[in-house]
Amino acid sequence: MAPTRRTLIRSVVAGSALAALPDLALSPTPAAAASPPGDVVGKVSVGYQGWFSCPGDGAPIGGWWHWSRDRFQSPSPANTTIVSWPDMREYDRGYPTAYPNLGDGRPATLFSSYDQQTVDTHFRWMREYGCDTAALQRFNPFGDEGPTRDAMAVKVRSAAERFGRKFYVMYDVTGWTAMQSQIKEDWATKMSAHTASPAYARQNGKPVVCVWGFGFADDGRPFAPAACLDVVRWLKAQGCYVIGGVPTYWRQGINDSRPGFADVYHAFDMLSPWMVGRTGTLDGLDWFHANVNVPDLADCAAHGIDYQPCVMPGDLSAGHRRHGDFYWRHLYNMVRLGAQGLYVSMFDEFNEGNQIAKTSETAAATPAGTGIRALDEDGTACSADYYLRITADGGRMLKGQLALTAVRPTPPVTGGGQPPGGDLAAGRPASASSQQNGPFGAGNAVDGDRGTYWESANGAFPQWWQVDLGATGSVARLVLALPAGWEARTQTLSVQGGTDGTTFTTLTGPVGVRFDPATGNQATLTFTATPVRYLRVRFTGNTGWPAGQLAQLSAYAA
């Protein structure tokens, strides 16, 4: 596997520049685009890895390609390369792994990119959510992954044609020692043939091709400026419109960029500076807008180059997403900047947690006890397609179909995310198997005060906490919380339901539920809508204290 882009040099930023910038709330800033609208200018492009395979899918490379460190062993918590879990409900086929079952008891399966149905599903999503163009990643195809990469190009072409999307080849030179001659050979003998497809992206009437990695200051891309410039000029001589995936600090030649590459960067038709791993905060995005993106765009305009900044949903595994606010801020900043196009990193990058493809919503759809974060990781319920819906709105804003707004118009759950009837447990009678001495009674978990909490007798698992909802009704979601300032811990628990207070059935779990102050010390559990009057949470473990603990439980209808 090629080295991850996550390992690139990170930047340090400080302060927020947003407040100091002019109010541009009515329309994007017009930019002097070098090119008219095409398949990348004025469009939303998404990076598409398409690099996951599983035993039995027929891929020439064989094994669990990109799902596990040892691709000849099944993915498991000890043998994995991923930090997020895909929502598997729309795939025709899933491949069993060695992960624990999901929180709701279903087997933990993963998709194969080599299945045409998987690629079709992804490109159908692109059509449904306004992703115009897919940048198909192509690492060194002269090694053992070459035949699989070749086949993936055919599958992507088929899906793009079927669903009315565009695609282009994006070469990644990471670890590609002989790239100077081999990119030319690969384009001339293989990839250029795909430009005959009506789905192949064109800009200014020319087929689009991207080269990612020139000028980066790391050992994986040690190429001299002359070799890189030769490749760019050769591709342009073939009649191509050439995009450069370049370092964040390309213009200054510092930090992640080698010095002496100005002529290489200015030889491209479009520049797309990398941003993944550079910041995980809203202030950081604002700092980059003012100090990097604004002068970047000015430099591109002065040299007749189109500007396609990288936008990112945030690393889910690191808690950057803020239920969509991080992604929307990035989209907003780049649209108000006047960028000529957007490059979303990435569509299917479950390895680094910055995917927009449909992702597990809750712990119930994630392997139990693994610590993999679902979309509700900060306590806000989000639908599996949430980041696709944000992308759709961002594309509309880019194209002037949606007024420029700093306020995210996309709710985490369609319709606003608040289930009918509100919190069914608020103020209802609560009981427990035990409680610690003092003011730690069961009623504290339904009194609306996060500062009060129930705590069971110490050192005596299992324990349970229970609430009487007052009447039988359909319940499908619980939000559990601890006091906001407590240190992180994982409680092993299951949720049970019943109608008479005596007989209970398991609704979800047992599962390890993570409470982390970085994400509000909240967790959401969802399960099949079930008629219940009594809800019981059964605790069997706690890594932070030898007792069951609960500051708030909110119950919602389907």
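The residues on offer are 112, 45, 35, and the sole one that is open to solvent by less than 10 Å² (accessible area, probe 1.4 Å), assigned to a loop (DSSP other than H, G, I, E, B) and touching a residue at least 60 places away in the same chain (Cβ under 8 Å) is 112.
Whether any residue in the stretch 60-67 is open to solvent by less than 60 Å² (accessible area, probe 1.4 Å) and part of a strand (DSSP E or B) is what I want to check. Spell out the reasoning first.
Step one: filter the stretch 60-67 for residues open to solvent by less than 60 Å² (accessible area, probe 1.4 Å), giving 61-67.
Restricting the remaining residues to those that are part of a strand (DSSP E or B) gives none.
No, because not a single residue in the stretch 60-67 is open to solvent by less than 60 Å² (accessible area, probe 1.4 Å) and part of a strand (DSSP E or B).
Which one is least open to solvent (accessible area, probe 1.4 Å) among residues in the stretch 246-266 that are farther than 23 Å from residue 344 by Cα, without any contact (Cβ under 8 Å) to a residue 40 or more places away in the chain and not acidic (Asp, Glu)?
First, the residues of the stretch 246-266 that are farther than 23 Å from residue 344 by Cα: 252-254, 258-264.
Subset that is without any contact (Cβ under 8 Å) to a residue 40 or more places away in the chain: 252-254, 259-260, 262-263.
Right, trim to not acidic (Asp, Glu) and you get 252-254, 259-260, 262.
Values: 252: 95, 253: 18, 254: 69, 259: 100, 260: 63, 262: 53 Å².
Taking the candidates together, the pick is 253.
Scanning the stretch 448-469 for residues that are under 11 Å from residue 535 (Cα atoms) and surrounded by fewer than 19 Cβ atoms within 10 Å (Cβ to Cβ) turns up 468, 469. From the list 106, 124, the one residue that fits, being open to solvent by 40 Å² or more (accessible area, probe 1.4 Å), out of contact with any His (no Cβ under 8 Å at 6 or more places or on another chain) and within 30 Å of residue 396 (Cβ to Cβ), is 124.
Taken together, the residues in the stretch 311-343 that are over 30 Å from residue 515 (Cα atoms) and either open to solvent by 10 Å² or more (accessible area, probe 1.4 Å) or out of contact with any Lys or Arg (no Cβ under 9 Å at 6 or more places or on another chain) (or both) amount to 10. Could we say that residue 340 is free of Cβ contacts under 8 Å to residues at least 40 places away in the same chain and outside any helix (DSSP H, G or I) here? No: the conditions fail for residue 340. Here is the figure for the stretch 505-527: residues that are open to solvent by less than 50 Å² (accessible area, probe 1.4 Å) and either among the small types (Gly, Ala, Ser) or in contact with a His (Cβ under 9 Å, 6 or more places away or on another chain) (or both) total 4.
In the stretch 496-504 there is no residue matching the filter, namely being part of a strand (DSSP E or B), surrounded by 23 or more Cβ atoms within 10 Å (Cβ to Cβ) and not acidic (Asp, Glu).
Residue count for the stretch 296-314 satisfying the condition of being within 19 Å of residue 366 (Cβ to Cβ) and in contact (Cβ under 8 Å) with a residue 60 or more places away in the chain: 1.
Taking the stretch 169-209, which residues are of a type in the set (D, E, K, R) and not in a helix (DSSP H, G or I)? Before you say what the answer is, go through the steps one by one.
At the first step, the residues of the stretch 169-209 found to be of a type in the set (D, E, K, R) are 172, 184-186, 190, 202, 206.
172, 190, 202, 206 - these are the residues of the stretch 169-209 that are of a type in the set (D, E, K, R) and not in a helix (DSSP H, G or I).
Mind telling me which of the residues 540, 530 ends up being free of Cβ contacts under 8 Å to residues at least 60 places away in the same chain, open to solvent by 10 Å² or more (accessible area, probe 1.4 Å) and of a type outside the set (Gly, Ala, Ser)?
Working: 540 fails: free of Cβ contacts under 8 Å to residues at least 60 places away in the same chain.
None of the other options fit; the residue is 530.
Only one residue in 332, 327 is more than 17 Å from residue 82 (Cβ to Cβ) and under 10 Å from the mean Cα position of the chain (by Cα). Which one? Lay out the reasoning, then the answer.
Values: 332 fails: under 10 Å from the mean Cα position of the chain (by Cα).
Unique residue meeting the criteria: 327.
Being more than 31 Å from the chain's Cα centre (by Cα), touching a residue at least 40 places away in the same chain (Cβ under 8 Å) and crowded, with 20+ Cβ neighbours inside 10 Å is true for just one of 551, 547, 555. Which residue is that?
Numbers: 551 fails: more than 31 Å from the chain's Cα centre (by Cα); 555 fails: more than 31 Å from the chain's Cα centre (by Cα).
When all the criteria are applied, what remains is 547.
Check whether at least one residue in the stretch 282-305 is surrounded by fewer than 21 Cβ atoms within 10 Å (Cβ to Cβ), within 17 Å of the chain's Cα centre (by Cα) and under 20 Å from residue 397 (Cα atoms), and report yes or no. Checked the stretch 282-305: at least one residue is surrounded by fewer than 21 Cβ atoms within 10 Å (Cβ to Cβ), within 17 Å of the chain's Cα centre (by Cα) and under 20 Å from residue 397 (Cα atoms).
Please work out if residue 272 is of a type in the set (S, T, N, Q) and outside any loop (DSSP other than H, G, I, E, B).
Values: of a type in the set (S, T, N, Q): yes; outside any loop (DSSP other than H, G, I, E, B): yes.
So residue 272 passes the test.
Of all the residues that make up the stretch 216-230, how many are surrounded by fewer than 24 Cβ atoms within 10 Å (Cβ to Cβ) and touching a residue at least 12 places away in the same chain (Cβ under 8 Å)? Qualifying residue count, the stretch 216-230: 9.
So for the stretch 382-396 (the condition being touching a Leu at 6+ places or on another chain (Cβ under 8 Å), open to solvent by less than 20 Å² (accessible area, probe 1.4 Å), over 22 Å from residue 82 (Cβ atoms) and not aromatic (Phe, Trp, Tyr)), does at least one residue qualify? Checked against the condition, which is being touching a Leu at 6+ places or on another chain (Cβ under 8 Å), open to solvent by less than 20 Å² (accessible area, probe 1.4 Å), over 22 Å from residue 82 (Cβ atoms) and not aromatic (Phe, Trp, Tyr), the stretch 382-396 yields at least one hit. Would you mention how many residues in the stretch 60-103 are of a type in the set (Gly, Ala, Ser) and at pLDDT below 95? Summing the residues that are of a type in the set (Gly, Ala, Ser) and at pLDDT below 95 in the stretch 60-103 gives 1. Could you list, in sequence order, all residues of the stretch 72-97 that are farther than 19 Å from residue 384 by Cα and open to solvent by less than 60 Å² (accessible area, probe 1.4 Å)? Result: 74, 75, 76, 79, 80, 81, 95, 97.
The values are calculated or read from the model by the stated rules, or taken from the named source; none is laboratory data. Since we're looking at a predicted model, the values are computed, not measured. Using ideal geometry, Cβ is built from the backbone for each residue, glycine included, and neighbour counts are taken over all protein chains shown. Please note that ligands, DNA and RNA were not included when accessible areas were found on the heavy atoms of the full protein model with its side chains. Shrake-Rupley method; radii C 1.70, N 1.55, O 1.52, S 1.80 Å.
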